[in-house]
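Below is one structure, written out as structure tokens, with a few remarks after it.
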Amino acid sequence: MNKKLFYFIPYTLWLVLFVGAPIILMLLQSFMSIDGQATLANYQIFFGSGTYLRMMFNSVWYAFLITVITLVISFPTALFLNTLRHKDLWLLLIILPTWINLLLKTYAFIGILGHNGSINSFLQFMGFAPQQLLFSNASFLLVAAYIEIPFMILPIFNALAEIDNSLINASYDLGASKWQTLRHVILPLSADGIRAGIQAVFIPSLSLFMITRLIGGNRVITLGTAIEEHFLVTQNWGMGSTIGVVLIIAMIITMFVTRERKKGGNKY
Amino acid sequence: MKQPIIEFKNVVKSYGETQVLKGVDLEIEAGKFYTLLGPSGSGKTTILRLVAGFSSATSGDILFEGKRINDVPANKRRVNTVFQNYALFPNMNVFENVAFGMNLKGTSKAKIKTKVTQLLAMVRLAGYENRNIDELSGGQQQRVAIARALANDPEILLLDEPLSALDYKLRKEMQYELRELQKNLGITFIFVTHDQEEALAMSDWIFVMNEGKILQNGTPVDIYDEPINRFVAEFIGESNIVNGVMLEDYLVSFAGSTFENVDAGMRPNEQVDVVLRPEDLDLTTPENGKLVVTIDAQLFRGDYYEISAHDDNGNEWRIQATNSAQINTRQGLTFDPEDIHIMRFNESEDDFDARLDNYEEVGEMDE
């Protein structure tokens, strides 16, 4: 028993130093005014001002859009990947981009979408006028979804791979069409993977800030952007921490909503 | 003859280079209990998958009531399957599993309820409607799988080694129940197994398969009594197989002596395999024996002793006896002429049947 505890020491230290302590510090900081006085003002400001609430709504709304877009692309992709012969190899190709630094990928998109980028060059070549692609909501969603897609595909792919093929045969055998099999057998049995994918995409998307600036051109201002501004620009650590706390609470709510539920209920 | 419900015409199934079915012809009549029997990899499950529609034949025709169904998808065939691992939907309870097919067809709720209740009662699971699948034992899951497959009123029920995961006692019980079920329902069962005992006990008709071919088909008694070749003889029950020479009709020589038997229709002095079943052999005193053997070993099997012995020509003999024997003693071995089964080398099933018909007719005329 003692030995087991011994092995746990490094991770416990890590947790305390880099997870526990920062959260406590942030909590404390969120109750501090800009000149170091204990106060509830930060929370009052947050929930009293239309700007912050709009930012929160923006964060949730864009995270939702990003999640929906990645889900709509990822589920059919995962389904298709599972039918391939060398599916692990193909999966590797999809995971590969996640090994590349996020900033690098974002800059690559600036090169693609920019005023003199590849797409506009092509448009010009075809005889069209160059378009403003960068710094738009659409380009923000495109890049964010691109970056998040592997995190959605992976858990769905794994859940689908675990479904026993004879269950699908059984469904056809009992008279189900392809569509009915998807709806009544494949979808419910991959629900855990879909849930895990939603968590893995929605929660980080709530606090995106770099892409909002580099690709969205600060047209989309989310809570992530606000935190960055408060810590690095206005130096109002108290307000930044308050937003951080609100974000953490939003994440906990997301986890709770998408948690694994006991099965039940007739789904016909 | 009646129109067969399922017919295979020279069906070949290949996966890449490997042929798992090498030109199979078979006919299945409605309302009987059929068994595909063979070792793993013999192609028996492949035949089942072809009938169910889970895979398609590489060449050849599959007919259902005379119509070609090669291109009919699984969900449009009036055939249902009980899977080896049961394949019950884990996201649904017992009721929802059994009702799955009827729900898809849009049967009314009231009708579904009546039917599910009736089916569960039939497989002795009344009152289990709301159980989750993972709360059921293997035997119970098996029954749910049967009820679910029968809920669509199939013409044919396919059973893919459904008893292999059950323990010995439950397996025996289910053998009786399945047989009973088939008789009561009157629909065709096609049962796949590698267990010869199971096949003999349950079937009206057995197809013995090996390496993608049907070696022999017939009633259990026919196949047991008249195996066509060494493989069938060894696969179905225990056998003593020795080399012999068919001197003339009804006279065979093996183990250094000549014996009267009941086979005919072969060339004079043809080399053959001679089969004697262990349960047809009796031990007696050396003077009364047709052969004299020395007892090597014996095992107590509960309802009989399994004795192994060798004769003076070095042939091994396996004997099932109700009484034990003394090891290393010399004993006589007796058997009747009808206990001697002759197998020609490389005789096809058609030739075998033709020869049997031929000499049986001659035999009848003689009398």
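The values are calculated or read from the model by the stated rules, or taken from the named source; none is laboratory data. What you see is a predicted model, and the numbers here were worked out from it, not measured in a lab. So basically every Cβ, Gly included, is an ideal-geometry build from the backbone, and we count neighbours across all protein chains shown. Just the protein is used for accessible areas: all its heavy atoms, side chains included, with ligands, DNA and RNA removed. Shrake-Rupley method; radii C 1.70, N 1.55, O 1.52, S 1.80 Å.
Observations
- Each principal axis of the Cα cloud of the protein assembly as shown was taken in turn, and the coordinate range along them, longest first, works out to 120, 70, 53 Å.
- Kyte-Doolittle mean at least 1.6 and Cα axial length at least 27 Å: DSSP H helices in chain A: A:237-257
- About its Cα centre, the dipole of chain B is roughly 3100 debye, where the only charges are +1 on Lys and Arg Cβ and -1 on Asp and Glu Cβ.
- For the range B:243-367, size of Cβ-based charge dipole, Lys and Arg +1, Asp and Glu -1, in debye: 960 debye
- Of all DSSP bridge pairs formed entirely within the protein assembly as shown, close to 75 percent run antiparallel.
- If you wrap the range B:227-278 in the convex hull of its Cα atoms and look at it from every side, the mean projected area works out to 3.5 nm².
- Projecting the Cα atoms of B:Asn85, B:Ala57, B:Asn70 onto the charge dipole of the range B:1-95, computed from C-beta unit charges around the Cα centre, puts B:Asn85 farthest toward the positive end.
- Pairwise Cα distances in the range A:184-268 exceed 20 Å for 50 percent of all pairs.
- Zero-based 5 Å bins, Cα pair distances in the range B:6-55, whole percents: 5, 18, 28, 31, 12, 4, 1, 0
- 5 angstrom amide H check on B:Asn85, placed H, neighbours 5+ away: none
- Most positive-pole-ward Cα, A:Val220, A:Gln37, A:Phe151, against dipole of chain A from beta carbon charges: A:Phe151
- Under the Karplus curve 6.51 cos²θ - 1.76 cosθ + 1.60, θ = phi - 60°, whole-Hz ³J(HN,Hα) for the range B:65-79, x wherever Gly or Pro sits: 6, x, 9, 5, 10, 3, 9, 7, x, 4, 6, 10, 9, 8, 9
- Scattering profile of the range A:28-91 at q = 0.17, 0.28 Å⁻¹ [log10 I(q)/I(0), Debye over alpha-carbon scatterers]: -0.73, -1.04
- Calculated accessible area for chain B comes out at 47 Å² per residue, all protein chains present (probe 1.4 Å; ligands, DNA, RNA ignored).
- Under 16 Å from A:Lys3, Cα to Cα: aspartates and glutamates that are on another chain or at least 8 residues apart: none
- Pairs from B:Lys2/B:Lys109; B:Lys111/B:Lys172; B:Lys67/B:Lys115; B:Lys9/B:Lys105; B:Lys76/B:Lys172; A:Lys87/B:Lys13 whose Cα-Cα separation, in the structure shown, is over 27 Å: B:Lys2/B:Lys109; B:Lys111/B:Lys172; B:Lys67/B:Lys115; B:Lys9/B:Lys105; B:Lys76/B:Lys172
- Taking amide H as placed 1.01 Å from N in the peptide plane, the amide H of B:Leu251 sits under 5 Å from that of B:Asn261, each at least 5 places away or on another chain.
- Charge dipole of the protein assembly as shown about the Cα centre (unit charges at C-beta), most positive-ward option of A:Thr77, B:Met174, B:Leu150: A:Thr77
- Choice from B:Met266, B:Met343, B:Met246 showing the highest fluctuation, given a GNM over chain B with Cα pairs closer than 10 Å: B:Met266
- Under 17 Å of direct C-alpha separation, and excluding same-chain neighbours fewer than eight residues apart, B:Lys113 reaches these aspartates and glutamates: B:Glu96, B:Glu129, B:Asp153.
- Distance between the range B:210-246 and the range A:88-114 - C-alpha centres, whole angstrom: 64 Å
- Ellipticity estimate at 222 nm from DSSP helix runs (n ≥ 4, -39,500 (n - 2.57)) divided over chain B, nearest 500: -8500 deg cm²/dmol
- With all pairs of different C-alpha atoms in the average, the Kirkwood value for the hydrodynamic radius of chain B is 23.2 Å.
- Per-residue mean of foreign Cβ neighbours for B:80-92 is 5 (Cβ atoms of other chains, 10 Å radius).
- The protein assembly as shown - charge dipole about Cα centre, Lys and Arg +1 at Cβ, Asp and Glu -1, debye rounded to 20: 6260 debye
- Cα-derived Rg over Rh, computed across the range A:20-156 with Rh taken as Kirkwood radius: 1.12
- Taking the alpha carbon gyration tensor of the range A:61-221, multiplying each eigenvalue by 5 and rooting it gives semi-axes of 35, 17, 15 Å, largest first.
- Once divided by 2.2 N^0.38 Å, the Cα radius of gyration of the range A:109-183 becomes 1.87.
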